[in-house]
1. Just to be sure I follow: if Rg is taken over the C-alpha atoms of region 54-121 and Rh is the Kirkwood radius over the same atoms, what is Rg/Rh?
2. Which value in deg cm²/dmol, rounded to the nearest 500, describes the helix-derived mean residue ellipticity at 222 nm for the chain, given -39,500 (n - 2.57) per DSSP H run of n ≥ 4 and division by the residue count?
3. With Cβ to Cβ distances under 15 Å as the rule, what net charge do the other residues near Gly89 carry (K, R +1; D, E -1)?
4. Pop a pseudo-label 7 angstrom from the Cα along the beta-carbon direction at both Ser32 and Arg95 and give the gap in nm to one decimal.
5. What distance in nm lies between label points placed 7 Å from Cα along the C-beta direction at Asn51 and Met106?
6. Looking at this model, which pairs from Lys23/Lys53; Lys53/Lys103; Lys30/Lys64; Lys64/Lys102; Lys64/Lys103 are more than 26 angstrom apart at the alpha-carbon?
7. Rolling a 1.4 angstrom probe over the protein heavy atoms, how many square angstrom per residue are accessible across the chain?
8. Roughly how many percent of the accessible protein surface of region 10-127 is carbon and sulfur, given a 1.4 Å probe and a whole-percent answer?
Amino acid sequence: NTDGNQYRAVLMSLTQYDSERIKRLAKYLKISAWYLEEKADSVVYFVQMGNSKGPIKIGVSGEKSLAGRISSLRTGSPHEITLLGTMPGSRYIERTLHRTFKKYRMNGEWFEASDTLRSFIVLYIIK
């Protein structure tokens, strides 16, 4: 089933965050790597609505509830929702990302698909 595959993909992505990637990510976000290594109790996800220019949502969810969260976003959206990737996280990390990309905020947790945000996702986020 798709939800089970999505959950397994998230678990695989979280194991791919080696200490070097975590250090680079923490430096970019201007936070201690400790928040990513020890305090991460959830996953931060990046989904995009519509095509590659569509808005990107930065959200947080428990690992086991991510598939359900994405499913509800898809149900409530008139456009296709694509999971771009995940990273270890928490509400604190989600808020940090929202502050980091605040100039691209459209509404709530949705952000313009700017070159800066898209580059961040390509460089730091595991698909």
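1. On the way: Rg = 11.9 Å, Rh = 12.7 Å.
Rg/Rh for region 54-121 comes to 0.94.
2. On the way: 6 runs with 59 residues, N = 127.
After summing the helix terms and dividing by the residues of the chain, the value is -13500 deg cm²/dmol.
3. Details: positive: Arg21, Lys39, Lys57, Lys64, Arg69, Arg91, Arg95, Arg99; negative: Glu37, Glu38, Asp41, Glu63, Glu94, Glu109.
Neighbourhood net charge equals +2.
4. The two pseudo-label positions are separated by 1.6 nm.
5. It is 1.4 nm.
6. Numbers: Lys23/Lys53 29 Å; Lys53/Lys103 17 Å; Lys30/Lys64 28 Å; Lys64/Lys102 28 Å; Lys64/Lys103 31 Å.
Beyond 26 Å: Lys23/Lys53; Lys30/Lys64; Lys64/Lys102; Lys64/Lys103.
7. Values: 7150 Å² over 127 residues.
Counting only protein heavy atoms, the per-residue value for the chain is 56 Å².
8. Working: 3180 of 6460 Å².
Summing carbon and sulfur atoms, their accessible area is 49 percent of the total for region 10-127.
The values are calculated or read from the model by the stated rules, or taken from the named source; none is laboratory data. Since the model is a prediction, treat every value here as computed from it, not as a measurement. Cβ coordinates were reconstructed from backbone atoms using ideal geometry, including for glycine residues, and neighbour counts include every protein chain displayed. Remember, those area values only see protein heavy atoms, side chains included, never the ligands or the DNA or RNA. Shrake-Rupley method; radii C 1.70, N 1.55, O 1.52, S 1.80 Å.
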